[in-house]
Structures are given as C-alpha cells and as structure tokens.
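The values are calculated or read from the model by the stated rules, or taken from the named source; none is laboratory data. This structure is a prediction, so every number in the text was calculated from the model and none was measured. Note: ideal-geometry Cβ built from the backbone for every residue, glycine included; neighbour counts use all protein chains shown. Heavy atoms of the whole protein, side chains included, go into the accessibility calculation; ligands, DNA and RNA do not. Shrake-Rupley method; radii C 1.70, N 1.55, O 1.52, S 1.80 Å.
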Amino acid sequence: MWLPPARLNQDEILAEFDQWVTPSLGDIRDTPKYISESRRLWTTLDDIRNFMSQQRLSCIEALRAQVVACLKESARSTTEDALNSLVTVIYLATAKSDNAVKCQFPIWYRKNIREEYPRIRGRSKLVWTSVPPVIKSTDIVRLCTQLSTIDRVHAAKLMDNYISFLLASDADYNQLTALLDGFIAAEGHRATSGAQLIAPLVAFQIRGSVAASGGHDPEQVVRRYLAEWGLEPTRHFNLIDVTAGNLSDWLVAEGDTNNGERKLQKLSKDKTRAFDFIIPCYQTEVDKRVFIQAQFYAGDSGSVSHKNVDQAGKAREAAAVLFPDARFVELVDGAGYCASLRNDLRHLLFAADTDDFVQVRSIAIRLRRILQESGIVTPLDVAVRVHEGLSNVSQFKEEMAPKLGGTGHVDSLIAKLIAEDWILLVNPESISVHPSRQQIVGRYAILDSIANEGTTVTPEGDGIEYVLIPGYGPNFGLPTRACWDRSLLHDLVGAGVLELVGSER
C-alpha cells in the first residue's frame, strides 16, 4: 500500500502541527560546542587557580604568569588557543564585547602606550607601524603568538597591555577576581564542580553560534532518514545547501539542457537563499524535484524568522523559473511556532506556492508521501510493497512500470535492489525482502497500514489502546493490533514517529 493523500483544512493542519511539534532539539549543554568550550575555559581557570594557590600570586599576577606560560608553548597553535581562552575568560567576567573593544583599544593604546604598533614583516622581522583603527582580540592573540617565536618579551608586554586595558576599571578587576574566587571555592568543594559554576557564562558565550548552527540539526535528521530509505547522498540528495541556479548550471554542464531550454545562468549580484534539500539533486533527466527549506525555532527569534520567510519566497520564485515542475516543501518545527512566530508559521504553511510541510516527527510519513506523489520511488517503499505481498515478479513489474516509466526501468530497479540487499530473488518469478532489511521494512509497514486504514479517533476511557501517526490531521490512528510486532511498535514510539494512547498504554 502506498501512502494515501491527505486532505486537510487549515485548522486541521495547525492542530496537527501543535500535536506533533518538537519543542526543541536538545539542551545547549549537550552540544559539542558547549562541551568543548566548557572544557577549554575550565582548563584556563584551573591553570590560573594553580598559579594563585601554589605561588601565592594575586589575580593580575596569575594572569601574567599564565600569559608567559602560554607563550612558552612550542606549538604556535597551542599558544594561540591558550591565549584566546584566557581572553575569553576576561571577556566573560567583565561582560565586555569585542565589537566595542576592537574600536576602543587602539585609542587607549595610542594615548597610554605609544603611537606605534608592532608588526611582523616576512617571517621574523619586527617592525613598528601606525596603530590600526581596529584591533580585534583575535588579532592581538595572533600577533602575540607570532612575536613569541622571535621576541617573547615584546609578546608578553603587548598581551599585558591588552589585559590592562580590559581590566582598567576597579569594577572589571573585581568581577574577574570574584569569578576566580568562586571557581576556587567550587573546586575546593568538589573537583570539577567549577564547570557547573561557569555553565551560564559558557552558554551565554556560545548561544549565538549554536543558534546559527542549530538550524542544521533538523537537516541531519532528514539526511539520516533519506539514507535509511536507500537514497544516495550527493546524488539523490545534497549534503550542503544549494541554490536552484547552481543546480541548473550543474545540469547544463552534465548535458541535461531540458531540450535546449535550460541554459547557464548569468552572473548576478542578487543572492537568493539556498535550499537545504533538493530531491533528487545531482541526477540528470529528472522531471520533478522537491525543494525543501528548513526553519526550526525553539523560542522567539522573530527578526531571523521574518527574514527567512521573506527569503523563502524569493528563493521559490527564482527556482520556479528554472524548474517549472518543482514542489516546494517547508520543514518547519519548534516551540516558537506555537507562540510568537505563529503568523510566520501560517505564512509558510499556507503560502500559495507551498505544496506541503514536514515536521521532525512526521518525516517518516509526510516526506515519504511527498516523494511518492512526486514520482520518486525509494528502495524502502518498494521493499515495503514486497513485504505486504507484492512478491510475484510479474505483478511487481505491472505495478511498478507506470511509476518508473516502463518495464526496462523496473528490471534495472530489481537488479539494484538485489545488489543493495533490499530484496532477494527467490526464483525467477518470486522475490522477498532481504533478511537484513526485515526489521526496518516491518516498522514502515506498520506506519503505512495505519496511514491507509486509520481514521480520526477520540480515545477517552473506552478501554482501547490506540496508535496515532502524524500526516493526516490530529488524533489520526487506529486501535493497536495483536498481530503487530510489539518491539517494532515500541521502536517507532521511541523514535517519536507514533504515539500510543488509551487505557492500555
């Protein structure tokens, strides 16, 4: 059974969205960025703590000792990383911003140090030039790292100048001292508990970069699904964002000019937002493609969301010119769309050129249905049909030929599925699901049976256990069946693809 179409009104679509929303994609403290940054800053603070306790140094003396220790590192990359971490600690303690400091430090340097600024010319020549108008923290660290290989005294002095500027006021110095005192006390109470003390600072430090990259998490989920369905990365779907214009030019270069109608695009300064997925992507002689853009907001990111809504429309307009048969789909999810971004959600879901939408938890149903409706047949879908009883080769060819454009394509499909261990040729007239694929095929067969036989249910104390799936409106499902493999059923529940409701849960 192929997935049936869904006919929902706007209220039903919004109700389904709310029921199957994924509020967030995890805690910021679980991200690799947080873990690495927390470890890095903890190490720096612990090194300063050791200088203060073992050598009985003051805060500023310990900072200077830490600078000297960093500059003595034999590897330049180690020196640079250590100095960057030290500067980050001071920035976090004083709540300073590099956007402001990079403009203020050159003025302070000219007034309090000298009118000339050190530079490295060539590989090892120290020269003095005019003070640049902008000096970022990374510029300071990089220069000090370079200087450390030819004149460590100058390197230490420049870094000391920068630290003196950052801690020029008593308030700044006292804030750093308070952080170090708290860190020392926390570590004295329980080893490594200093990491918990600085957790809010680390989260504040990386929140922007995590938010910027967090949008990629839903894309990773989609890629895992596409690979699970037997689609090939870099051929059937892209691994990095791609614009419609770039794909069109690639097709022309590969000789797919669509009977001369497709031509190389003229260079333009106008930028359109790239698509997170084009399926199929780098494959020639394809009529229909699905274009997907992802929007995930766990909170109120209004300005960014509004901008993406505007960009989505422009990107679709450009893509529709190059690919008239394109289908535009939104991968949209997150708690923000249940609250302050509700209008953006409505705009995305109900725009005239939006063909459908997908949420993280509905990918297994909605995206597969979208692909099927677009004539894109995945190995998984074929294997599910075989599992459901389409095991006679003649009947298999009869059903698949219209979807693939002829029996010749069906023969190629059978050969491909056998080679990739999706199916087995039992005899010249019979095929079956390969043993290695039976579990995954069985899971999707359960989903498809619910999609084909389910209805809207109201489980309210009737003593019946129901299984619900997304894709067909709110509370869509049917009573669980004894014939279903309970382990497969609970695999799907654990993956968030379906829900069990009712008194037997």
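Key figures for this structure:
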{"item": "Residue among Val221, Leu180, Phe165 farthest towards the positive dipole end of the stretch 158-251, charges placed on Cβ", "result": "Val221"}
{"item": "Angle between the chain longest axis and helix 393-404 axis [Cα atoms, degrees, rounded to 10]", "result": "60"}
{"item": "Principal axis dimensions, the stretch 309-390 - Cα atoms, whole angstrom, descending", "result": "47, 34, 14"}
{"item": "Surface share of carbon and sulfur [accessible, 1.4 angstrom probe, percent] for the chain", "result": "50"}
{"item": "Ratio of the Cα radius of gyration of the stretch 28-186 to 2.2 N^0.38 Å, where N counts its residues", "result": "1.04"}
{"item": "Extension gain from Thr458 to Lys72, taking 0.36 nm per residue of separation minus the Cα-Cα distance", "result": "131.9 nm"}
{"item": "Computed accessible area, Arg64, all protein chains, 1.4 angstrom probe, square angstrom", "result": "110"}
{"item": "Total formal charge among the other residues, if their Cβ is under 13 angstrom from that of Val68, Lys/Arg +1 and Asp/Glu -1", "result": "0"}
{"item": "Ranked order, Thr458, Thr138 - accessible area, probe 1.4 Å, largest first", "result": "Thr458, Thr138"}
{"item": "Net +/- balance of residues flanking Ala312 in space, Cβ distance below 12 Å, scoring K and R +1, D and E -1", "result": "-2"}
{"item": "Ratio of Rg to Rh over the chain (Cα coordinates, Kirkwood Rh, two decimals)", "result": "1.09"}
{"item": "Under 13 Å, Cβ to Cβ, from Lys263 - net charge with Lys/Arg +1 and Asp/Glu -1", "result": "-1"}
{"item": "In degrees, nearest ten, helix 32-54 long axis to first principal axis of the chain (Cα)", "result": "20"}
{"item": "Accessible area of the stretch 51-105 divided out per residue, in Å², using a probe of 1.4 angstrom", "result": "48"}
{"item": "Solvent-accessible surface (1.4 angstrom probe) belonging to Glu399, in square angstrom, nearest 10", "result": "50"}
{"item": "Antiparallel DSSP beta bridges within the chain, percent to nearest 5", "result": "70"}
{"item": "Computed magnitude of the charge dipole of the chain (debye, nearest 20; Cβ of K, R +1, Cβ of D, E -1)", "result": "2580"}
{"item": "Members of Lys288/Lys403; Lys136/Lys307; Lys96/Lys136 lying beyond 18 Å, as alpha-carbon distances in this model show", "result": "Lys136/Lys307"}
{"item": "Along each principal axis, Cα extent of the stretch 146-262, largest first, Å", "result": "73, 41, 27"}
{"item": "Exposure rank, largest accessible area first [Met1, Met400, Met52; 1.4 Å]", "result": "Met1, Met52, Met400"}
{"item": "Normalised per residue, the volume of the convex hull around the Cα set of the stretch 352-430 (Å³)", "result": "109"}
{"item": "Heavy-atom surface of the stretch 415-481, accessible at 1.4 Å and reported per residue (Å²)", "result": "43"}
{"item": "Cα gyration tensor, the stretch 75-126 - rounded (a/c under 1.5), prolate or oblate", "result": "oblate"}
{"item": "Accessible area of Ile423 in the full protein assembly, 1.4 Å probe (Å², nearest 10)", "result": "0"}
{"item": "Directionally averaged shadow of the stretch 287-434, computed from the convex hull of its alpha-carbon atoms, nm²", "result": "10.4"}
{"item": "Which of Lys288, Lys271, Lys397 is most accessible, then next, and so on - probe 1.4 Å", "result": "Lys271, Lys288, Lys397"}
